[in-house]
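First up is the structure itself, then whatever we jot down about it.
Nothing in this text is a laboratory measurement; each read-out follows from the coordinates by a stated rule. This structure is a prediction, so every number in the text was calculated from the model and none was measured. Positions of Cβ are generated from backbone atoms using ideal geometry, with glycine treated the same way; all protein chains shown enter the neighbour counts.
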Ligand SMILES: O=C(CO)[C@H](O)[C@H](O)COP(=O)(O)O
């Protein structure tokens, strides 16, 4: 099946988990875009009473345009369910996120959610994390020095740039450094090491955050629950 069809499939499946009256966290990325479209349709058709908190300005704009009610995180008491995409997910339900540079808001929203569901296609289910470059969000001030520190740690850093070769800025005005590490043998240790570096705001390792993964396959949707 074409990859966009798989994204649409998992997006539609995820929306089935949304119930009237819920506060929903909306992730970011191309898969989530399909999910938000479907949620917008469902909301219109069923006249739901939903509140949404978004993980990026882009998703906020899409949701608002579809007539969904978007609130700031600090305007809601709790988030019942967050639906987001991911770049890689391993067998321990750890993942890499941040391919769309939204990892900081995504992690804050996820950590404040009662339940987290990821929607991915089966190519993103991996034995070991790390084939996908690990994004790290860093404060611009002194970021070249931090970059050198990451080089010394043999983490093969690369500043993320856009098509115009300018440094990518996140919604919080920070830079992204992608780490081309290859197999990450100990994600928990790496997460701790990265958090210990001054100037690192957040990294894209999502450890023990997701509860359920909806995987799109050529045979349909597969639901994988945390053991
Ligand atoms: O973490 C993310 C953005 O920061 C996305 O959820 C992740 O990159 C997956 O995106 P896509 O659905 O476009 O493959």
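General observations
- The value of relative contact order for segment 134-201, using C-alpha pairs under 8 Å at least six residues apart, is 45 percent.
- Gaussian network model of the chain, springs between alpha carbon atoms under 10 Å - residue of 113, 154, 165 with greatest fluctuation: 165
- Only alpha carbons enter this Debye calculation for segment 107-227, each as an equal point scatterer, and the log10 of I(q)/I(0) it gives at q = 0.19 Å⁻¹ is -1.14.
- In plain terms, the residue of 1, 22 with the fewest other Cβ atoms within 10 Å comes first and the most crowded comes last, giving 1, 22.
- The smallest convex shape that holds all Cα atoms of segment 134-201, its convex hull, gives 90 Å³ per residue.
- The convex hull of the Cα atoms of the chain, projected and averaged over all directions, covers 12.7 nm².
- Sorted by Cβ neighbour density within 10 Å, fewest at the top, the residues 66, 194: 66, 194
- Segment 168-227 and segment 31-106: distance between their alpha carbon centers, rounded to Å: 17
- Helix-only arithmetic for the chain: the sum of -39500 (n - 2.57) across DSSP H runs with n ≥ 4, divided by the residue total, places the mean residue ellipticity at 222 nm at -9000 deg cm²/dmol.
- 0 to 90° range, to nearest 10: angle between helix 3-15 axis and the chain longest Cα axis: 60
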